[in-house]
1. Working only within region A:69-119, note down all residues that are of a type in the set (Val, Ile, Thr), in contact with a Gly (Cβ under 7 Å, 6 or more places away or on another chain) and open to solvent by 40 Å² or more (accessible area, probe 1.4 Å).
2. Being modelled with pLDDT under 95, outside any strand (DSSP E or B), within 16 Å of ligand 2 (Cβ to nearest atom) and touching a helix residue (DSSP H, G or I) at 6+ places or on another chain (Cβ under 9 Å) narrows it down to one residue among B:87, B:82; which is it?
3. Could you check, for region B:197-204, whether at least one of its residues is of a type in the set (Asp, Glu), modelled with pLDDT of 90 or more, crowded, with 22+ Cβ neighbours inside 10 Å and more than 16 Å from ligand 1 (Cβ to nearest atom)?
4. Counting only residues that are over 14 Å from residue B:88 (Cβ atoms) and of a type in the set (Ser, Thr, Tyr), which one in region B:124-177 is nearest to ligand 1 (Cβ to nearest atom)?
5. Hey, residue B:120 hits all of (1) under 22 Å from residue A:122 (Cα atoms); (2) away from ligand 1 (no atom under 16 Å from the Cβ); (3) in contact with an Asp or Glu (Cβ under 6 Å, 6 or more places away or on another chain) but one; which does it fall short on?
6. Inside region B:114-161, can you point out the residues that are under 21 Å from the mean Cα position of the chain (by Cα), in contact (Cβ under 8 Å) with a residue 60 or more places away in the chain and not in a helix (DSSP H, G or I)?
7. Of the residues B:165, B:230, which is more than 9 Å from chain A (Cβ to nearest Cβ), of a type outside the set (D, E, K, R) and either buried (at least 23 other Cβ atoms within 10 Å of the Cβ) or on the phi < 0 side of the Ramachandran plot (or both)?
8. Could you please tell me which pairs satisfy a Cβ distance under 9 Å, a separation of 6+ or placement on different chains, a first residue in region B:96-113 that is over 19 Å from residue A:135 (Cβ atoms), and a second residue that is assigned to a helix (DSSP H, G or I) and hydroxyl-bearing (Ser, Thr, Tyr)?
Amino acid sequence: MSQPDAATAAAPPPEPSAAPPTDVIHNIGYRAYEGPRLGRGYARLSLFSQSLRGAYGLGRSAKSKVLPMILLGVMCAPALIMVAVTIFTHMNRLPVQYTRYAVLLQAVITLFAASQAPQSVSRDLRFKTTPLYFSRPIERIDYVAAKYAALATALFLLTALPLVILYVGALLAKLGFAHQTAGFAKGLVSALLLSVLFAGISLVIAAVTPRRGFGVAAVIAVFVISYAAVSSVQGVAMSQERYDVIGWLGVFSPITVIDGFQTWFLGATSAFPHAAGPPSAVAGLVYLLVLFGVAAACFGLLMRRYRKVGLS
Amino acid sequence: MIATESLSKRYPRVTALDRLTVDVTPGVTGLVGANGAGKSTLIKILLGLAPASEGRAAVLGLDVATAGPRIRSLVGYMPEHDCLPPDVSATEFVVHMARMSGLPPAAARERTADTLRHVGLYEERYRPMGGYSTGMKQRVKLAQALVHDPKLVLLDEPTNGLDPVGRDEMLGLIRRVWTDFGISVLVTSHLLGELERTSDHIVVIDGGKLLRASSTSDFTKVTGSLAVEVTDREDELLDLLDLLTAAGLKLRRSGHLLQVDIADEDTYDVVRDAVAGLGVGLVRMEQRRHRIAELFIDPESADDPAGDHGPDHDPGPRHDPDQEGGSSVAA
Ligand SMILES: Nc1ncnc2c1ncn2[C@@H]1O[C@H](COP(=O)(O)OP(=O)(O)OP(=O)(O)O)[C@@H](O)[C@H]1O
Ligand SMILES: [Mg+2]
């Protein structure tokens, strides 16, 4: 390859204990770094921003931008249409509640989480980049926190952007400011919680395997199967008019946990059959506990997952 | 640079490090050991990534048990395995790794460009790394270890998978890391031969135990010998024996081979001149190195390389004597 290296390789064996580091005569071309070393917090932030950008394909190949950008577009398109309809038909309210939007478009959110969680963690495992990270000033918790926060933020952008579109549209259509602002704020809160929950679950699944394809399939399967199961059992309960059972069943799938939570705490209208949200204060509290418990458990599981990774 | 004291690492089934006490001074230090000798385990502990079962270790005066992050911001690490994502360019990857080491964005970019140039990567650095040759990948791995201008780099088998030319280039580069950049190096290999040329000091471990630690020049005295064979005439062989003894070389005869201990660089020239002076034909002159396990023998008994090695150090199939044999010198 390059000539200079070949030349030095042929040089005579080293004299014992060569030039001291301060001997600048030999340092032709090499400049020592005297600037700041920003340490652990900065390194964690760098990993966060790299992972967040990576979730939208930024800093990666053109090909990897395609899917996340399409999903972002698909996520925002209905909001744009709704806004247009509201403005041009002079409706006096938006066609959908802010808190309902994510529930309607849960398939898009699931696809995004399923494609980007493995992108974020399986790649590091597969190409064995993780040991390089741990040879830097960061600790395990920094890696897990940065990856978790990055995917949650990416999902929040995905779920909050259409809400912003709806809100701006609502104001343009001169709908009631106070009412719209309250609805928008509640929508953001639930979008944030949804993002944290979805990010945690999909990262835990993706971090199990270095195979990206498996990760994608497994994340989709968990979200879709759990939702299908909850919905169909809720359907059975509906036919038997057991509305309280419907309200309880929601704790068994991620999106219905969000639905139950926002129904009880944010005054949203539930998307469950018969709009049967949590039947009691106890049930509402259980939704809260499940939501935060699962998110915390996911963080714990990720910490465990990387306990052994070290340098091996 | 590095000091360990009775350092041990026990896994449930194996003892990877066994009461290892070494002291690594500035310069290039070669850490030699067969597969499973504990080289990578030692590096892991030095980076503060695995707790020692027993004993202590300090890197740059910092305790590995308590100052892991601080050590890792001042030390570079090149792993033995592949670690490069294929769909990212070398520049992007090394910039990211520089930032992970705490360099601000502008400095990270600047030092990445410099470092990639120093390791000999030019236009290729903007291409995705999936298309790189093994040699280029090893250079990127070295660059990411150097990019934050560490005080010390730990290189785990950097010549792994390289052909002889690539190996020489890599060893030359490693030498320059110390001589030109002023960064101390701990480099591992399972070949003593290749580290002899690069290192100021050699540490040999086997089964997690320290076999030897000394400066390379001491090492060569003990481990290097030159086998000289001349055209089969008894008188000339005796003359040569006398001549070389008179020149102050230590040697002995076995059959029509002369085993000359290599004292220094000039040994080759002395032998060559003596052979030429006598006008005998040189059949071969070959540098021999001992197998790693033979380093158990202290210099005194090393005079008899054919002597029995004792029952307790079986070199095993993993030590391939041919691999450590030296290079022939054409007559
Ligand atoms: N995480 C681990 N769990 C159990 N045993 C381990 C672990 N890591 C290493 N070992 C064992 O410790 C011993 C030393 O391993 P190590 O990787 O340090 O050797 P090495 O000198 O780097 O070998 P190589 O030349 O193959 O890289 C081996 O017997 C290995 O099997
Ligand atoms: Mg190893």
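The values are calculated or read from the model by the stated rules, or taken from the named source; none is laboratory data. The shown structure was predicted, so the numbers you read here are calculated from the model rather than taken from an experiment. Note that each Cβ is placed from the backbone with ideal geometry, even for glycine, and that neighbours are counted across all protein chains shown. Note: accessible area is taken over every heavy atom of the protein model, side chains too, but ligands, DNA and RNA are not part of it. Shrake-Rupley method; radii C 1.70, N 1.55, O 1.52, S 1.80 Å.
1. From region A:69-119, those of a type in the set (Val, Ile, Thr) are A:70, A:74, A:81, A:83, A:85-87, A:89, A:96, A:99, A:103, A:108-110; that's our starting set.
Subset that is in contact with a Gly (Cβ under 7 Å, 6 or more places away or on another chain): A:83, A:86-87, A:99.
Hit for region A:69-119 is A:87, nothing else.
2. Working: B:87 fails: within 16 Å of ligand 2 (Cβ to nearest atom).
The match here is B:82.
3. If we filter region B:197-204 for residues that are of a type in the set (Asp, Glu), which is where we start, we get B:200.
From the residues that got through so far, the ones that are modelled with pLDDT of 90 or more too are B:200.
Filter once more, so that each one left must be crowded, with 22+ Cβ neighbours inside 10 Å: B:200.
Next cut, more than 16 Å from ligand 1 (Cβ to nearest atom) only: B:200.
Within region B:197-204, one or more residues are of a type in the set (Asp, Glu), modelled with pLDDT of 90 or more, crowded, with 22+ Cβ neighbours inside 10 Å and more than 16 Å from ligand 1 (Cβ to nearest atom).
4. Ranking the qualifying residues of region B:124-177, first place goes to B:159.
5. Condition (1) is where residue B:120 drops out.
6. Those that are under 21 Å from the mean Cα position of the chain (by Cα), in contact (Cβ under 8 Å) with a residue 60 or more places away in the chain and not in a helix (DSSP H, G or I): B:150, B:151, B:152, B:153, B:154, B:155, B:156, B:157, B:158, B:160.
7. On the way: B:165 fails: more than 9 Å from chain A (Cβ to nearest Cβ).
Result of the check over B:165, B:230: B:230.
8. Cβ pairs passing all conditions: B:104/A:42; B:105/A:46; B:109/B:91; B:113/B:91.
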